[in-house]
Structures are given as structure tokens and as C-alpha cells.
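Participant: Got a structure for you, questions after.
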Amino acid sequence: MNNIYSDNLEKYADANEYDHKHENFLIDLPLILEWAPADGPIVELACGTGRLTVPIAELGHEMIGVDIHAGMLEQAKAKAIDKNLTIQWFLQDCTQLSLKQSTKLMFMCGNSFQHFLTNEVQDALFQSVHRHLEDGAIFIFDTRNPIMEELSKVDEYEEHFKHSNGLRVREYHKETYNPMTQILHCETERRFFKGTNVASVENDKISLRYVFPLEMRRLINVHGFRILHEYGDWKKGSLTPKSPQMIYVCRKI
């Protein structure tokens with residue numbers, strides 16, 4: 001596995017907890033379904049624990065899920081088996097896809113685009129996607145919008161919640177943006193409590209690349225896609241300087 005990925009997967013070490021926290025987040029599902037073809041496989045890249053792959057398969061669509069993290073895929077497989085669903089799962093690097101079938105729809109959600117930290121791997125991603133799409137097929141993906149007044153300062157905050165293991169958790173976050181690389185470096189300390197006592201402490205980190213709107217438009221166009229829609233959120237709001245996300249519906253040309 002390329003070190004650019006293997007060194008950036010600490011956040012996903014506990015696949016069960018990740019699934020517990022995110023599986024009911026489905027605000028992106030309606031837009032994906034609008035573009036779902038009537039036949040043929042749909043491919044989800046960076047599918048994780050199957051947050052979207054599984055419910056789309058439940059609606060009767062043929063699904064393929066691809067992820068680079070074995071633990072996340074195992075969690076997804078278990079969910080599919082529990083629901084008696086037949087889904088193809090592939091442990092692959094999205095920049096080097098080697099699937100047996102082409103598709104009319106490929107998508108990547110959850111801001112997974114931010115894991116592609118360099119220009120070279122972003123190029124490789126688009127080239128890999130392009131090779132696996134049928135002519136005129138659709139690629140949908142999202143990424144966080146770089147709001148500079150937020151990124152320009154170090155952000156430190158706390159979160160409190162109950163872990164899937166039953167323990168109370170207090171998380172301390174620190175996020176620092178490097179404008180030269182366009183990468184946000186995020187560090188987390190996680191304290192688990194039994195009563196008032198700290199039972200254990202975990203630390204992890206993740207790096208996330210930001211891309212600006214004009215940069216993204218050029219990137220999409222130069223790799224053989226035409227932007228059909230550009231949104232600022234999953235409810236199809238216009239992309240503005242304050243939008244939380246940049247969402248693209250692209251056609252292979």
C-alpha cells in the first residue's frame with residue numbers, strides 16, 4: 001500500500017465504532033439515487049463500512065464496493081451478509097482500480113476525495129475512474145469547501161459522547177492548516193472514562209487535502225469529464241464561499 005494512504009488511516013482503526021457513528025448519516029443518498037441506472041452495477045469508491053453501498057443494494061441495485069482499508073470492508077461485508085445481500089467487495093487502491101466490469105455510475109462520498117493528498121494521486125484517481133466508466137457515464141463525488149477564515153486559524157475543540165463499548169468518551173481535537181500544501185492536519189486525543197476515572201487513552205491523526213473551486217473545475221475538465229452540476233450541499237444548494245461542501249456530478253466525455 002502506498003505510504004500516502006497507509007500512514008493516514010488511523011481514524012479507521014475501529015471499524016465498528018466508525019460504523020456506529022456514521023451509518024445513519026444518509027443525506028447524500030437521495031442525490032446518488034437520482035442518477036442510479038436501471039441496470040448494471042453501481043460502483044462506490046472508498047465505500048468504508050457500506051454506509052451507502054448497503055442501503056442502495058437493499059433497493060435492488062447491483063452494487064460494487066471498493067475500499068483500501070481491510071477492516072472497514074470486513075465490517076461492510078458482515079452488514080451485507082446480515083441483510084442477505086449479494087454485493088461485490090474489492091480491497092483496492094482507488095487510483096489503481098482493477099474491476100471486472102465497467103459502470104454507468106461511480107460515486108465517492110464522505111469527503112473521501114480529501115484523502116488524495118497530492119496532485120499526482122488526484123490525477124491518478126481521475127484516470128482510474130475514467131477507465132472504468134462507460135462512455136457518457138456519471139461520476140459523483142464531494143469534498144469540503146475551503147473556507148479560509150476557518151482554516152486560517154488553529155482550531156481546538158472538545159467532543160463528549162458515549163462509545164459503542166459503553167464507556168463515556170471525551171475527545172480533544174486540534175486542527176492546523178498548511179496553506180502551502182493545502183492540507184489540514186488533524187490530531188485527536190480520546191479519553192475513555194469508567195465513572196470519573198480515565199480507563200484508557202487513544203491518539204490518532206489524519207491529513208486532509210483541500211481543493212479550491214476553480215482548481216477543481218480545471219482538474220475535472222482536463223481528465224475527460226464535463227461538470228453537469230456543482231452544488232454547495234447535498235440538498236442541491238448553490239456553491240458559495242460559505243458552502244460546507246463542493247459536490248460534483250460529472251459526465252465522462
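Participant: Just the accessible area for R51, please: 1.4 Å probe, Å², rounded to the nearest 10?
Facilitator: R51 has an accessible surface of roughly 40 Å² with all protein chains in place.
Participant: Apply the a/c threshold of 1.5 to the C-alpha gyration tensor of the chain and tell me whether it is rounded, prolate or oblate.
Facilitator: The shape class here is oblate.
Participant: Next question, about the same structure. Order these peptides, 94-101, 23-30, by their mean beta-carbon neighbour count within 10 angstrom, highest first.
Facilitator: 94-101, 23-30
Participant: With 27 Å as the limit, write out which pairs from K100/K205; K77/K236; K79/K252; K77/K235; K205/K235; K21/K83 have Cα-Cα distances beyond it, or answer none.
Facilitator: K100/K205; K77/K236; K79/K252; K77/K235; K205/K235
Participant: Using a Gaussian network model on the chain with a 10 Å cutoff between Cα atoms, which of I183, I227, I81 fluctuates the most?
Facilitator: The residue with the greatest mean-square fluctuation here is I81.
Participant: Right, next: Whole-Hz ³J(HN,Hα) for each residue in region 48-56, computed from phi via Karplus 6.51 cos²θ - 1.76 cosθ + 1.60 with θ = phi - 60°, x for glycine and proline: what do you get?
Facilitator: x, 8, x, 3, 9, 4, 5, x, 5
Participant: Most mobile of L228, L208, L73 per a Gaussian network model of the chain (Cα springs, under 10 Å)?
Facilitator: L228
Participant: Taking the Cα centre of region 13-60 as origin, work out the dipole magnitude from +1 charges on Lys and Arg Cβ and -1 charges on Asp and Glu Cβ, in debye rounded to 20.
Facilitator: 40 debye
Participant: Would you kindly find the accessible area of I220, with a 1.4 Å probe and non-protein molecules such as ligands, DNA and RNA excluded, rounding to the nearest 10 Å²?
Facilitator: Only protein atoms counted, so the area is about 0 Å².
Participant: Using a 1.4 angstrom probe with every protein chain in place, what is the largest-first accessible-area order of E120, E58, E17?
Facilitator: E120, E58, E17
Participant: Just want the answer: with Cβ charges of +1 for Lys and Arg and -1 for Asp and Glu, which residue in H130, C250, I183 is farthest toward the dipole's positive end in the chain?
Facilitator: Most positive-ward Cα: C250.
Participant: Just by accessible area at a 1.4 angstrom probe, what is the order of S6, S238 from largest to smallest?
Facilitator: S238, S6
Participant: Gaussian network model of the chain, Cα springs within a sub-10 Å range: biggest mean-square fluctuation belongs to which of A13, A78, A199?
Facilitator: Highest fluctuation of the listed residues: A199.
Participant: Also: So, in Å, what gap is there between the alpha-carbon centers of region 222-241 and region 189-210?
Facilitator: Their Cα centres are 35 Å away from one another.
Participant: Round to the nearest 10 and report in Å² the accessible area of K162, as given by a 1.4 Å probe over the protein chains' heavy atoms.
Facilitator: Solvent-accessible area, nearest 10 Å²: 140 Å².
Participant: Another one. Rounded to the nearest 5, what % of DSSP beta bridges with both residues in the chain are antiparallel?
Facilitator: For the chain, the DSSP antiparallel bridge percentage is about 75.
Participant: On to the next question. Quick one: ranking E10, E44 by accessible area, 1.4 Å probe, largest first, what do you get?
Facilitator: These residues rank, largest area first, as E10, E44.
Participant: Next up: Step through the residues of region 156-170 one at a time and calculate ³J(HN,Hα) from phi using the Karplus curve (6.51 cos²θ - 1.76 cosθ + 1.60, θ = phi - 60°), rounding each to whole Hz and writing x for Gly and Pro.
Facilitator: My calculation for region 156-170 gives 10, 7, 10, 9, 10, 6, 9, 6, 5, 7, x, 7, 6, 10, 10 Hz in order.
The values are calculated or read from the model by the stated rules, or taken from the named source; none is laboratory data. None of the values given here were measured: they were computed from a predicted structure. All Cβ positions, glycine included, derive from the backbone under ideal geometry; neighbour counts span all protein chains shown. Areas reflect the complete protein model, heavy atoms only, side chains present, ligands, DNA and RNA absent. Shrake-Rupley method; radii C 1.70, N 1.55, O 1.52, S 1.80 Å.
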